[in-house]
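The values are calculated or read from the model by the stated rules, or taken from the named source; none is laboratory data. None of these values were measured; they are calculated from a predicted model. We place every Cβ from the backbone using ideal geometry, glycine too, and count neighbours over all the protein chains shown. The accessibility values were calculated without ligands, DNA or RNA, using every heavy atom of the protein model including side chains. Shrake-Rupley method; radii C 1.70, N 1.55, O 1.52, S 1.80 Å.
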Amino acid sequence: MPADVPADSVPVLVTGATVVAAVADPRRFHRVELELASEHLSMAEIADVISRVLGTRIPAPDMTEEEAFAAGMPAVGANHAWLNVAPQPARPRFARDLGIPLTPFEDWARAHLRAEVGA
């Protein structure tokens, strides 16, 4: 997918917080269909965050599916091509409106990514 096409980030903690909120207040969540997103960032924005966190430039290459496979990307990434045709409807405000605490991608990255010495 092009580096400027936004995608949704959903840290596991946000998914867990959503389940806890739904169990705690089932009436509020009854018949709610929630497309969950903590942030709506493009791959270029995600690469910028990771670059800041790791202190090294991480590119967001713009490749076709065939180019990505040839470069070694596993097939699991192929579903991102669908975002070029049908962007995801998830937006952080939907979760926020339900009182779900959201984790910004940069906070998640700072907590879970680290530069490997000598890597």
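Values for this structure:
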quantity	calculated
Net +/- balance of residues flanking residue 44 in space, Cβ distance below 14 Å, scoring K and R +1, D and E -1	-3
Nonlocal amide H pairs with residue 42, under 5 Å, H built at 1.01 Å	7
Residue-level accessible surface for residue 98, protein heavy atoms, 1.4 Å, Å²	30 Å²
Extension gain, residue 91 back to residue 4 (0.36 nm per residue minus Cα-Cα distance, nm)	29.7 nm
Calculated FRET efficiency for the pair residue 110/residue 19, C-beta based, R₀ 25 Å, to 0.05	0.55
Viscosity 0.692 mPa s, 37 °C: Kirkwood-radius Stokes-Einstein D of the range 1-52 over Cα pairs, µm²/s	257 µm²/s
Nearest-0.05 FRET efficiency for residue 71 and residue 29, computed from C-beta distance (R0 35 Å)	0.25
Simple label model, 7 Å out from Cα along Cβ direction - residue 42 to residue 12, nm	3.0 nm
